[in-house]
Structures are given as C-alpha cells and as structure tokens.
1. It is to be established whether one or more residues within segment A:169-192 are assigned to a strand (DSSP E or B), touching a residue at least 40 places away in the same chain (Cβ under 8 Å) and over 24 Å from A:GLU68 (Cβ atoms).
2. Considering only residues that are assigned to a loop (DSSP other than H, G, I, E, B) and touching a residue at least 24 places away in the same chain (Cβ under 8 Å), look in segment B:40-55 and name the one that is farthest from B:GLU29 (Cα to Cα).
3. Restricting to segment A:34-55, give me the number of residues that are closer than 29 Å to A:SER124 by Cβ and either buried (at least 17 other Cβ atoms within 10 Å of the Cβ) or touching an Asp or Glu at 6+ places or on another chain (Cβ under 7 Å) (or both).
4. Among the residues of segment B:126-143, write down those that are among the hydrophobic types (A, V, I, L, M, F, W, C) and surrounded by fewer than 22 Cβ atoms within 10 Å (Cβ to Cβ).
5. Which residues, counting only those in segment B:49-62, are within 14 Å of chain A (Cβ to nearest Cβ) and of a type outside the set (D, E, K, R)?
6. Among B:PHE156, B:PHE168, B:PHE134, which is the only one that is within 20 Å of the chain's Cα centre (by Cα), more than 17 Å from B:ILE103 (Cα to Cα) and of a type in the set (Phe, Trp, Tyr)?
7. Can you say whether A:HIS26 is surrounded by 15 or more Cβ atoms within 10 Å (Cβ to Cβ), in a strand (DSSP E or B) and within 11 Å of another protein chain (Cβ to nearest Cβ), as far as the supplied structure shows?
There are 2 protein chains.
Amino acid sequence: MLEIPPGVYYKSIAPCICPIVNYCSHCGEKVVFRVPEGDNLPRHLCDACGTIHYLNPRLVIGTLPEWEDRILLCRRAIEPRRGFWTLPAGFMELGETAEQAAIRETLEEANARVELTGLFTLLSVPHVDQVHLFYRARLLDLNFSAGAESLEVALFREAEIPWEDISFRTVSTTLKHYLTDRGSGEFVFRAGELKAQG
Amino acid sequence: MLEIPPGVYYKSIAPCICPIVNYCSHCGEKVVFRVPEGDNLPRHLCDACGTIHYLNPRLVIGTLPEWEDRILLCRRAIEPRRGFWTLPAGFMELGETAEQAAIRETLEEANARVELTGLFTLLSVPHVDQVHLFYRARLLDLNFSAGAESLEVALFREAEIPWEDISFRTVSTTLKHYLTDRGSGEFVFRAGELKAQG
C-alpha cells in the first residue's frame, strides 16, 4: 500500500463496488485523481472546494442464529445470488453499533429475534472492499418468516445444509467453522481472508 | 433503524465525518435525499442517472505493539488530537485486509515492524460512524521512529502511560483491557461501544 506511485489508478476502485467518482459531491465540480499532499495514496480531489473524497471498505454484518441443533438460513430474494441461501447479514448503517447491525439485519431478513452470544468470524474480502463479521446468536422464538429481501427462511440441521446453494463464501466459511467448533465443543473466534477466485 | 420515516434527515450524517452530498459524484447533477423503493432508510439519490449514494461506517484499524513489559505509543503530529498519544491506527484502505491495515498503519506511524498475535478489541463509535479494531502485536525490533503523522514514538511501562494525554477513548479502553488481562495472565477479546460524551 505504501508504494503505489502517484497517479496510478488504484486497482480496487471497481465501478461495481465503489461509486465512480467523476464529480465533487459537495460542490458539483469535476474531481481529479491524485495523491494529496501528505498522503501516499491517490484520492479523488476537488480543486474547486478542496474536498478530498476518501473511499474505504465497508462492513457487512450478520448472525448465525442457533435453535437447538439447527441453524437459520435465508434464501435471497435479491441480487446478487438471488435464490441462494445465506446467513442473515447486510451492510452496517450509519449511527449504529456492530452488534445493532447484526440484530437489525436478522430482524429485517428473517423477522427473527436473536440474542448475540459473541463475535465468531471476521473475514476480509479485499477484492470487493468488504469486511464481513458474523456473530453467533441464540434464536429467541420460532416466529420467524421471510423479510422483504428473502424468499424463504428455514432451520437446517448439519446434514440438511444446502452447501451447493450457499450464497457467499464468507457464509460457507462461517458455517464450516461453526460446525467444526460445535463438534469439538469449543467455539473459537476466527479471522481470515477470502481471495478472489479464478 | 427500521422506523426512520421517509424524508427525515438522518442524524448521524454529520458534515464533519461524512461528506456533504449535494451532487451526484457519477454525473454531477443535484441529488435528493429520500427513501429508495425497497429500502427503509433515506439515501442520497440521483434522479438523473439513477445512482444511489450509500454512506456507511468506516473501519479504523491499529495495533497494540508489545516489547517485553512495554507498549509502543505514538504522539500525534496531525489533527484531531495533535500532541496526544495514541496506539498506531488509521482508516482501512481499499484493497487490503484488516490485518494488512493494522500492519501498514503501524509501519506508517511508527516505522515499526510487528507480527500480529490476535484481534483484541472491536469498539463501535456510532456517533462518528466508525468501528475501531485493535490487534495485539509483537514488536519485531527496536528500530522504530516517528512516521510522518507522529511527533515521537516511544515505549511505555504500565506506570509510565500518559493517561491524561491519550488521544482517543478507544485507545485508552484498549490499553486498560490489555493491562487488566496482562495482570490476570489471560487475554480475552473484547467488544464494546463508546457513546458520545457530554
């Protein structure tokens, strides 16, 4: 990160993930892309009003809701990966804590009430500029149902998990760590990185 | 978070933290602030090109570098809190992992090489839309020095820590947890929230 030469377009500012920054969101003038004084990475700068537009990775936060020997999964009603199964998770919003984001996403996607029992995985996904956090959570009742972003919500025993139809690798990684730890009787926080495939 | 009515300006979009979004960074037209279809929070929308400008919390990542019974701290050369002592930390950049961010920030602020030994704290700071992560780290050598954003860098024993001159509460919280755990002989990951003061 330290050695990116000035003016080189930084690879991970991908149009599909980060907004294309052509104009200053503050004053509307065109921005330039160069290394600001005292910095070591190129940024989108507005020479008209002086604003520096920083782009940073985003947090995706979710839960692994447990009910006895079963795990709650949601089948996605939206792209990307519509029709695939996921743990309830989504982008952290302004003004909330990481724990509030986890509980809110579980409520929104599965109409499910949970009590968090600890951070379980922290997985960096640098090629899409995201960090995914999953909390273990205790499902408080069985009155769950599909939220607006889900086609269906269901509980799965280990042998029933639809491994071929899991939406994202951070979800399958979290599920595998969970099942390993449940088998051994001790849950251990895991950090890791998922690299681009292919 | 679910019940914010359409059109209500969301409190934590603070000009000092998040950019003021008046114009579309994609096409340069004026944006409006309303709840998009299928969403439940107001966003900055461009009716000209259709772009939705999401704002999300940012990750600040750093280390607690250990050398025998001492901890490395940096005295800040930049605002905010110029002249105050901090653990090396800064905003996570695009294209890196959380662990790479921790190591890079330690190198940039203290010219210090570390080996991470585990995530130690995750502290949400919702009033400034940040999540702070600190890793325990082993300092690999004593060839550290002040980086561009530091006035000086030094090692502190417990009794020497300048508690009155610590830059941020996430830093003092992390230091206190560390010293408690070092005293008890067992380091335990901590999550928490720092609320606005006053």
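1. Applying the first criterion (assigned to a strand (DSSP E or B)) to segment A:169-192 yields A:190-192.
Among the residues that remain, those that are also touching a residue at least 40 places away in the same chain (Cβ under 8 Å) are: A:190-192.
Still in the running and over 24 Å from A:GLU68 (Cβ atoms): A:191-192.
Yes, because at least one residue in segment A:169-192 is assigned to a strand (DSSP E or B), touching a residue at least 40 places away in the same chain (Cβ under 8 Å) and over 24 Å from A:GLU68 (Cβ atoms).
2. Let us first name the residues in segment B:40-55 that are assigned to a loop (DSSP other than H, G, I, E, B), namely B:40-42, B:46-51, B:54-55.
If we keep only those that are touching a residue at least 24 places away in the same chain (Cβ under 8 Å) as well, we get B:40-42, B:48-49, B:51, B:55.
Values: B:ASN40: 24, B:LEU41: 21, B:PRO42: 18, B:ALA48: 7, B:CYS49: 8, B:THR51: 11, B:LEU55: 18 Å.
In this case the residue turns out to be B:ASN40.
3. Here is the first cut: in segment A:34-55, the residues closer than 29 Å to A:SER124 by Cβ are A:34-36, A:38-45, A:51-55.
Adding the requirement that they be either buried (at least 17 other Cβ atoms within 10 Å of the Cβ) or touching an Asp or Glu at 6+ places or on another chain (Cβ under 7 Å) (or both) leaves A:41-45, A:51, A:53, A:55.
Residues flagged as closer than 29 Å to A:SER124 by Cβ and either buried (at least 17 other Cβ atoms within 10 Å of the Cβ) or touching an Asp or Glu at 6+ places or on another chain (Cβ under 7 Å) (or both) within segment A:34-55 amount to 8.
4. Kept after step one, since they are among the hydrophobic types (A, V, I, L, M, F, W, C), are these residues of segment B:126-143: B:128, B:131, B:133-134, B:137, B:139-140, B:142.
Selection gives B:VAL128, B:LEU140, B:LEU142.
5. Step one: of segment B:49-62, the residues within 14 Å of chain A (Cβ to nearest Cβ) are B:49-61.
Passing the criteria: B:CYS49, B:GLY50, B:THR51, B:ILE52, B:HIS53, B:TYR54, B:LEU55, B:ASN56, B:PRO57, B:LEU59, B:VAL60, B:ILE61.
6. B:PHE168
7. On the way: surrounded by 15 or more Cβ atoms within 10 Å (Cβ to Cβ): yes; in a strand (DSSP E or B): no; within 11 Å of another protein chain (Cβ to nearest Cβ): yes.
Answer is no for this residue.
Listed here are the residues, each with its yes/no results for (1) assigned to a loop (DSSP other than H, G, I, E, B); (2) small (Gly, Ala, Ser); (3) under 20 Å from B:VAL131 (Cβ atoms); (4) away from chain A (no Cβ under 13 Å).
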| position | (1), (2), (3), (4) |
| --- | --- |
| B:GLU66 | no, no, no, yes |
| B:ARG75 | no, no, no, yes |
| B:ILE78 | yes, no, no, no |
| B:ARG82 | yes, no, no, yes |
| B:LEU94 | yes, no, yes, no |
| B:GLU99 | no, no, yes, no |
| B:ALA112 | yes, yes, no, yes |
| B:LEU116 | no, no, yes, no |
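The values are calculated or read from the model by the stated rules, or taken from the named source; none is laboratory data. None of these values were measured; they are calculated from a predicted model. Heads up, the Cβs are rebuilt from the backbone with ideal geometry, glycines too, and the neighbour counts pull from every protein chain shown.
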